[in-house]
Structure formats: C-alpha cells, structure tokens
Amino acid sequence: MGLQQHREQGQGRSLNFAVVTVSDTRRGDQDTGGAYLVEALEAAGHRVVQRAWVSDDGAQILEQARACVQQEEVQVVLFTGGTGLALRDVTADVLGEFFDSSIPGFGELFRQLSYQEIGPATILSRACAGVSARKLVCALPGSPKALRLAMEKILLPECGHIVAQLQG
C-alpha cells in the first residue's frame, strides 16, 4: 500500500463518538465546549452515541473513560475540560494513566498550532491523546476556540485514519 492509500484509509467514513464534559459547573446549556463538539461531529457526518458530564474528580473521570471504551459501538472518546494547570484539572493525569499507549504527537501538534493563535500561553494546555481498548481517547481543553482548532486541524482530518489503524 502506498503512502497516499495508507493515509486515505478510513477517510470519509462515519464514526461513533462519545463526548464527555469534565466540569464542576458546566452542564446542559452552559456546556458550550461539549455542545460545539457534538455540533462539529454531526456536521462532519459522524454520530455521537454517548454524551456525559462528570465533575473534576479523578475517580469519576476514570469510571466514565472505562464505560466509554467498553461500549462496542464507540470508536472515539472525546473528553473536554480539565486539561489546564489548576488543582482541579486532573483529566490529563487520569487519562494518561488510563491509556494502553499514548499518542504524543497529538498534544505536540495541538500546542504548536495553538501557539500560532495564542502565543506562549499554549504551554498551559495539557491536551493529550492515547489508545485504550483499541479506541482513540482524547483529552481536549474546554474552550470552544481551542476545541475548534483541535477538531478542524487535527481530529476531523485524521480520526478516520487513526480508527482504521486501531481496528487493523
């Protein structure tokens, strides 16, 4: 298989996502980041098969991550929120331990692209991605602007290819 064929593997395919918002305060209408993710995924032809909210609590985040990857139909899990440096921001730490393997390039690329928009403040983001139970799991910021960057520049163009690789 040539490089172009390899990269096109999985492109244009509809995927099933779980979207989880991590916040002590943002639920329902106040969850603009989670709402953006659902809207962007559906506009791109994907399905959101699970939507959940958990508090900034490591045990709740871990329990939800396990529940998501155990669902056979879920192929990609997107967590939004809890990736900063505040004491309550534990999403990246919890998921980092949860991953079977990490995808360091995701966080590196996200911060590189983010730097072009917000400058050195991008070092405050601990956005990350990895694999668990052969599913792509991402920890994304809560800001709709940062989510748009991650979705448009990284995840929507590449998630089909990643899922195809994970499914063999």
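Identify all residues within segment 40-66 that are in a helix (DSSP H, G or I), over 14 Å from Leu15 (Cα atoms) and either out of contact with any Leu (no Cβ under 9 Å at 6 or more places or on another chain) or free of Cβ contacts under 8 Å to residues at least 12 places away in the same chain (or both); write none if there are none. Reasoning before the result, please.
Within segment 40-66, the subset in a helix (DSSP H, G or I) is 40-43, 58-66.
Checking the rest, the ones that are also over 14 Å from Leu15 (Cα atoms) come to 58-66.
Selection gives Gly58, Ala59, Gln60, Glu63, Gln64, Arg66.
Let me spell it out: the conditions are (1) surrounded by fewer than 14 Cβ atoms within 10 Å (Cβ to Cβ); (2) more than 19 Å from Val54 (Cα to Cα), and Gly130 meets all of them except one. Which number is the exception?
(1)
For residues that are in a loop (DSSP other than H, G, I, E, B) and more than 15 Å from the chain's Cα centre (by Cα), scanning just segment 67-77, find the one that is surrounded by the most Cβ atoms within 10 Å (Cβ to Cβ).
This residue is Gln71.
Just wondering, is there one or more residues in segment 84-95 that are part of a strand (DSSP E or B), in contact with a helix residue (DSSP H, G or I) (Cβ under 8 Å, 6 or more places away or on another chain), small (Gly, Ala, Ser) and at negative phi? Give the steps one after another, and end with the answer.
Step one: list which residues in segment 84-95 are part of a strand (DSSP E or B), which gives none.
Within segment 84-95, not a single residue is part of a strand (DSSP E or B), in contact with a helix residue (DSSP H, G or I) (Cβ under 8 Å, 6 or more places away or on another chain), small (Gly, Ala, Ser) and at negative phi.
Go through Thr80, Thr122 for me and flag whichever is buried (at least 21 other Cβ atoms within 10 Å of the Cβ) and either more than 14 Å from the chain's Cα centre (by Cα) or not acidic (Asp, Glu) (or both).
Thr80
Only the coordinates and a few stated rules stand behind these numbers; no lab work does. These numbers come from a predicted model, not from an experiment. FYI the Cβ positions are ideal-geometry reconstructions off the backbone, even for glycines, and counts take in every protein chain you see.
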